[in-house]
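Okay, so here's the structure we're looking at.
The values are calculated or read from the model by the stated rules, or taken from the named source; none is laboratory data. Since this is a predicted model, take the numbers as computed values, not measurements. Cβ coordinates were reconstructed from backbone atoms using ideal geometry, including for glycine residues, and neighbour counts include every protein chain displayed. We work out accessible area using only protein heavy atoms, side chains counted, and drop any ligands, DNA or RNA first. Shrake-Rupley method; radii C 1.70, N 1.55, O 1.52, S 1.80 Å.
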Amino acid sequence: MQGLPSDQNASLSMMGREINEGQIRELERKIEEGLGDIIQLKRARNSLLNISMRVPPELLGHIFLWRITPDTHLPHPVAAPKGSHAFLLVCHHWFEIGSHTPELWSYWGNDTAAWPLWYKRSRSTPVDLVLNGPVRGYYKDFFDKPTQDALQGLAKRDAVRSVQLLDRDDAIITSVLSALTLGGEGVESSSIESISLEDVDVSKFFARYRFPKLWHLKLSRKVQISSWEHLGLHTGALTTLSLTIENDIPVPTMPQLLSFLAANPRLENLTLHASTIPQDDGCRSTAPVPLRHLKKLLLGGIFHPVFRLLH
């Protein structure tokens with residue numbers, strides 16, 4: 001076929017009657033002779049040559065979703081790497097399908113510049129909230145009222161799947177966690193599956209929610225929690241637990257830690273930093289904690305507290 005590359009000719013011959021070859025020839029002729037709006041003619045021709053135009057929008061949206069799906073074998077669910085949404089730049093058709101596929105926007109980016117740009121597209125789909133990139137721009141520009149309202153809306157709809165706030169800016173992390181904490185009395189059920197937090201007081205957040213689906217929990221650096229009893233009462237499905245809290249932050253007593261571990265008998269991976277292992281000897285009258293599913297145990301610290309915990 002004149003005017004078409006050989007690979008396009010092969011595709012057309014394989015597609016058979018599904019493509020109007022006569023219409024493509026006519027468009028090619030008009031483009032070569034400069035008849036009409038060249039841009040519109042080329043768009044019409046390209047739409048006929050583009051096999052994705054014949055794919056239902058719902059199916060093409062699922063193909064895009066495979067492109068950005070995170071690696072579920074990672075220790076905790078993180079969102080897609082930078083540039084995963086580049087397919088939006090291919091053509092107007094792909095952009096429209098991508099923009100109207102809410103599942104593609106379960107990830108708002110991982111820094112303060114991306115959230116205000118992407119949060120409007122997620123709609124009702126469960127969201128992975130990730131901040132582990134650089135702090136760019138002013139704090140007030142990042143956490144404006146629309147962004148705050150979006151976070152509060154997620155909390156009200158119980159539409160958060162994971163929370164990874166590791167931005168090393170305690171003001172930003174505190175504000176995000178505060179927006180996710182519903183007001184009122186009592187305890188609400190949350191569908192969050194994974195939490196990684198550092199440099200923030202999590203007391204109100206963990207007191208307000210129970211987490212029946214939470215399987216991954218990582219608390220590090222200057223995380224503060226007023227009631228370790230709440231944490232044990234409000235979890236129960238953990239398979240991965242990492243506590244690497246710094247020395248000057250209050251940590252649980254030995255009975256509190258053992259009670260927390262006993263409340264989560266499915267634990268497979270357990271990491272306790274030296275400063276997180278209690279120094280007290282209050283475990284003598286505590287019943288043993290059977291962790292029958294444990295596969296990986298990392299303990300750091302001096303001999304006697306570690307030995308008491310193992311005992």
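Residues that are out of contact with any helix residue (DSSP H, G or I) (no Cβ under 7 Å at 6 or more places or on another chain) and not basic (Lys, Arg) within segment 108-125 comprise 110, 111, 113, 114, 117, listed in sequence order. Number of residues in segment 183-206 that are part of a loop (DSSP other than H, G, I, E, B), within 15 Å of residue 218 (Cα to Cα) and not charged (D, E, K, R): the value is 3. Residue 229 fulfils the conditions (1) touching a Lys or Arg at 6+ places or on another chain (Cβ under 8 Å); (2) acidic (Asp, Glu); (3) surrounded by fewer than 17 Cβ atoms within 10 Å (Cβ to Cβ) except for a single criterion, (1). Step by step: first the residues of segment 232-252, then only those that are polar (S, T, N, Q) and over 21 Å from residue 290 (Cβ atoms), then the one that is surrounded by the most Cβ atoms within 10 Å (Cβ to Cβ). Which residue is that? My answer is 244. Candidates are the residues of segment 196-208 that are within 16 Å of residue 230 (Cα to Cα) and not acidic (Asp, Glu); the one that is most open to solvent (accessible area, probe 1.4 Å) is 204. Looking for whichever is out of contact with any Pro (no Cβ under 8 Å at 6 or more places or on another chain) and either in contact (Cβ under 8 Å) with a residue 40 or more places away in the chain or exposed (fewer than 14 other Cβ atoms within 10 Å of the Cβ) (or both) here; the options are 146, 126. Which one fits? Residue meeting the stated conditions: 126.
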